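Below is one structure, written out as structure tokens; the observations come after it.
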Amino acid sequence: MINYTEKIPNNVDLGRDRVLQRALEHWQPAYLSWWYDMGPNESHNFEVYLRTAVSVEPDGWAQFDYIKMPEYRWGIFLQPRDERRQINFGMHKGQPAWQDVPGEYRSILRRIIVTQGDTEPASVEQQKMLGLSCPSLYDLRNIFQVNVEEGRHLWAMVYLLHRYFGRDGREEAESLLARRSGDTDNPRILGAFNEPTPDWLAFYMFTFFTDRDGKFQLCALAESGFDPLARTCRFMLTEEAHHMFVGETGVSRIIQRTCEVMKENKIDDPADVRGLGVIDLQTIQRYLNFHYSVTLDLYGSDVSSNAANYYTSGLKGRFRETKLEDDHILRDALYPVSEVVADKINTKQVPALTALNERLRDDYIEEIQAGVSRWQRVIDEAGIPFRLTLPHKGFHREIGNFTGHFISPTGEILTEEQWRSHEFEWLPSPKDYAYVQSLMSGRVAELGKFANWIAPPVKGINGKPLDFQYVRFN
Ligand SMILES: [Fe+2]
Ligand SMILES: [Fe+2]
């Protein structure tokens, strides 16, 4: 009999709930076999300098040590309960937060948890091959850290399913291990999580753009009236911050390296830049356009009665709900959404309740814009006259009011033919992918060494130097 109170670090008193313990006992081997199958390729014997969550104290939750990833202690952590917490929005506003699932919202809540949970193993699957072409041991350790934490996020959602949803929760937990990113028969639930992540530029873009969608979804769920979900998401957010750091600094270091090479050699033609083995800024812009647009789709339709229901029911709030100054009910409030009418993009006011997806997307865009401006600063400081820009919100969209329209990055409405004739000026072409992958044909594994196409980071992990042995291959 496995003692789960030792094997699974937790602050939910797991050892005292026999039914739950048995359910997780049953699920754990399936999870591990998923990890062996779909986790980072050929990595099972590596010893990786990882942080592990060992408590929920703000300054003391992470312990650093070498660990083999299949032995990572995937724990269950919820932010401690606040006995006075209330539901802060919607029709139940002012009532005590729910400690159990309200019967009438059972199936919607299960759906919300499954949809969030499905993204976690999906990203591990998408990134499975990247360890083989890492630009340094530092970066290799970082991707593995992201991967084990996405695994832990899956555990977090599976805990909720097992603890609160009985048999159908257990079935959903099994299905979370059965779907596969990009599989035609049994794909992951959301589109962006079925796109391949074929190279490290795509990985950093993904962790900057798509993990940040994760952050905004978790922030909205951290406001939930269903208290265990809110407390789970609050702790997950502390891990998400690291994933976005990996993405932002990864792209920034690539830009920095490209700019250094351009400056040193006084070149600006993308072909010359490529000739020197770094990634031209134009290609970086195309990757940005791709990852931004597919991630915008994750927020769902601009106008959505589901989003209104989730809010009114008290299940999913807005970004920073309790910091917003309004009635938190939104019965009469309006919110602007875009729509394409004839050959124009118009803004129209709709009931704010139905526009909550769009609102969360707008909050996200604001934060993304700030990050892109930080990347721009690297280019400006090198004195290179190139502007990185976010494409128009309607560019390359497949969900919501822009679906079926052909919008350029600057927001012009085009015919399909016109749009297609520019497609590979705006999105990465097969040639771009082939070039980027040609730079990443093998693993850079010497201590302190970095691939030619990326600058070293400013500092190492947990105070360690850049030439630290972040991964031991055995
Ligand atoms: Fe996650
Ligand atoms: Fe993440």
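The values are calculated or read from the model by the stated rules, or taken from the named source; none is laboratory data. It should be emphasised that the depicted structure is a prediction, and the values quoted were computed from it without experimental measurement. Glycine gets a Cβ as well: all are built from the backbone with ideal geometry, and neighbour counts include every protein chain shown. Just the protein is used for accessible areas: all its heavy atoms, side chains included, with ligands, DNA and RNA removed. Shrake-Rupley method; radii C 1.70, N 1.55, O 1.52, S 1.80 Å.
Find all pairs meeting these conditions: Cβ atoms under 7 angstrom apart; at least six residues apart or on different chains; first residue within segment 202-214 and small (Gly, Ala, Ser); second residue more than 9 Å from ligand 2 (Cβ to nearest atom).
Within 7 Å, the pairs are ALA202/TYR287.
Output yes when any residue across segment 195-212 is away from ligand 1 (no atom under 16 Å from the Cβ) and at pLDDT below 95, and no when none is.
Taking every residue of segment 195-212 in turn, at least one turns out to be away from ligand 1 (no atom under 16 Å from the Cβ) and at pLDDT below 95.
Can you spot a residue in segment 388-406 that is exposed (fewer than 12 other Cβ atoms within 10 Å of the Cβ) and within 21 Å of GLY250 (Cα to Cα)?
So far as segment 388-406 goes, no, none of its residues is exposed (fewer than 12 other Cβ atoms within 10 Å of the Cβ) and within 21 Å of GLY250 (Cα to Cα).
Quick one: in segment 128-172, which of the residues that are within 16 Å of ligand 1 (Cβ to nearest atom) and of a type in the set (Gly, Ala, Ser) is farthest from LEU78 (Cα to Cα)?
Checked segment 128-172; the qualifying residue farthest from LEU78 (Cα to Cα) is GLY151.
Within segment 27-45, how many residues turn out to be in contact (Cβ under 8 Å) with a residue 12 or more places away in the chain, open to solvent by 20 Å² or more (accessible area, probe 1.4 Å) and not polar (S, T, N, Q)?
6
Against the condition open to solvent by 50 Å² or more (accessible area, probe 1.4 Å), assigned to a helix (DSSP H, G or I) and modelled with pLDDT of 95 or more, how does ARG106 come out, does it pass?
Against the criterion (open to solvent by 50 Å² or more (accessible area, probe 1.4 Å), assigned to a helix (DSSP H, G or I) and modelled with pLDDT of 95 or more), ARG106 qualifies.
Filter segment 181-199 down to residues that are aliphatic (A, V, I, L, M) and open to solvent by 40 Å² or more (accessible area, probe 1.4 Å), then give me how many there are.
The qualifying residues number 2.
Of all residues in segment 293-337, which are within 15 Å of ILE399 (Cβ to Cβ) and touching a strand residue (DSSP E or B) at 6+ places or on another chain (Cβ under 8 Å)?
Hits for segment 293-337 are ASP302, VAL303, VAL337.
Count, please, the residues in segment 209-268 that happen to be among the hydroxyl-bearing types (Ser, Thr, Tyr), away from ligand 2 (no atom under 16 Å from the Cβ) and surrounded by 23 or more Cβ atoms within 10 Å (Cβ to Cβ).
The number of residues fulfilling the criteria is 2.
Is there a residue being on the phi > 0 side of the Ramachandran plot and modelled with pLDDT of 90 or more anywhere in segment 9-26?
Checked against the condition, which is being on the phi > 0 side of the Ramachandran plot and modelled with pLDDT of 90 or more, segment 9-26 yields no hits at all.
Confirm whether ALA156 is closer than 29 Å to LYS431 by Cα, of a type in the set (A, V, I, L, M, F, W, C) and in a helix (DSSP H, G or I).
So ALA156 fails the test.
Could you check segment 289-328 and list, in sequence order, the residues that are of a type in the set (A, V, I, L, M) and either in a loop (DSSP other than H, G, I, E, B) or open to solvent by 40 Å² or more (accessible area, probe 1.4 Å) (or both)?
Correct list: VAL303, LEU315, LEU324.
Restricting attention to segment 227-274, and to residues there that are acidic (Asp, Glu) and closer than 30 Å to VAL101 by Cβ, which single residue is farthest from ligand 1 (Cβ to nearest atom)?
ASP227
Kindly list the number of the only condition in (1) open to solvent by 30 Å² or more (accessible area, probe 1.4 Å); (2) free of Cβ contacts under 8 Å to residues at least 40 places away in the same chain that fails for GLN376.
Condition (1) is where GLN376 drops out.
How many of the residues making up segment 138-176 are open to solvent by less than 20 Å² (accessible area, probe 1.4 Å), over 20 Å from the mean Cα position of the chain (by Cα) and among the polar types (S, T, N, Q)?
Qualifying residue count for the region: 0.
Please enumerate the residues belonging to segment 418-446 that are surrounded by 15 or more Cβ atoms within 10 Å (Cβ to Cβ) and either in contact with a strand residue (DSSP E or B) (Cβ under 9 Å, 6 or more places away or on another chain) or assigned to a loop (DSSP other than H, G, I, E, B) (or both).
Restricting attention to segment 418-446, the residues satisfying the condition of being surrounded by 15 or more Cβ atoms within 10 Å (Cβ to Cβ) are 419, 426-428, 432-433, 435-437, 439-440, 443-444.
Listed by number, the residues that qualify are TRP419, LEU427, PRO428, LEU439, MET440, ARG443, VAL444.
Between a first residue in segment 129-152 that is farther than 21 Å from LEU447 by Cα and a second residue that is away from ligand 2 (no atom under 11 Å from the Cβ) and part of a helix (DSSP H, G or I), which pairs have beta carbons less than 6 Å apart while being 6 or more apart in sequence or on different chains?
VAL148/MET69
So ASN45 clears everything in (1) away from ligand 2 (no atom under 16 Å from the Cβ); (2) farther than 30 Å from PHE473 by Cβ except one condition, right? Which one?
ASN45 satisfies every listed condition except (2).
Just for segment 135-159: of the residues that are within 16 Å of ligand 2 (Cβ to nearest atom) and small (Gly, Ala, Ser), which one is nearest to PHE468 (Cα to Cα)?
GLY151
Tell me which residues, restricted to segment 109-134, are within 16 Å of ligand 2 (Cβ to nearest atom), assigned to a helix (DSSP H, G or I) and not hydrophobic (A, V, I, L, M, F, W, C).
Just the residues of segment 109-134 that are within 16 Å of ligand 2 (Cβ to nearest atom), to begin with: 115-128, 130.
Subset that is assigned to a helix (DSSP H, G or I): 115-126, 130.
Correct list: THR115, GLN116, GLY117, ASP118, THR119, GLU120, PRO121, SER123, GLU125, GLN126.
Taking the stated definitions as given, is LYS449 exposed (fewer than 14 other Cβ atoms within 10 Å of the Cβ), charged (D, E, K, R) and part of a loop (DSSP other than H, G, I, E, B)? Outline the logic, then answer.
On the way: exposed (fewer than 14 other Cβ atoms within 10 Å of the Cβ): no; charged (D, E, K, R): yes; part of a loop (DSSP other than H, G, I, E, B): yes.
No.
For segment 182-194: of the residues being part of a loop (DSSP other than H, G, I, E, B) and either modelled with pLDDT under 95 or touching a Ser or Thr at 6+ places or on another chain (Cβ under 8 Å) (or both), which is farthest from ligand 1 (Cβ to nearest atom)?
PRO187
Would you confirm, using the coordinates I've provided, whether PRO198 is assigned to a loop (DSSP other than H, G, I, E, B) and under 29 Å from PRO135 (Cα atoms)?
When the stated conditions are applied, PRO198 passes them.
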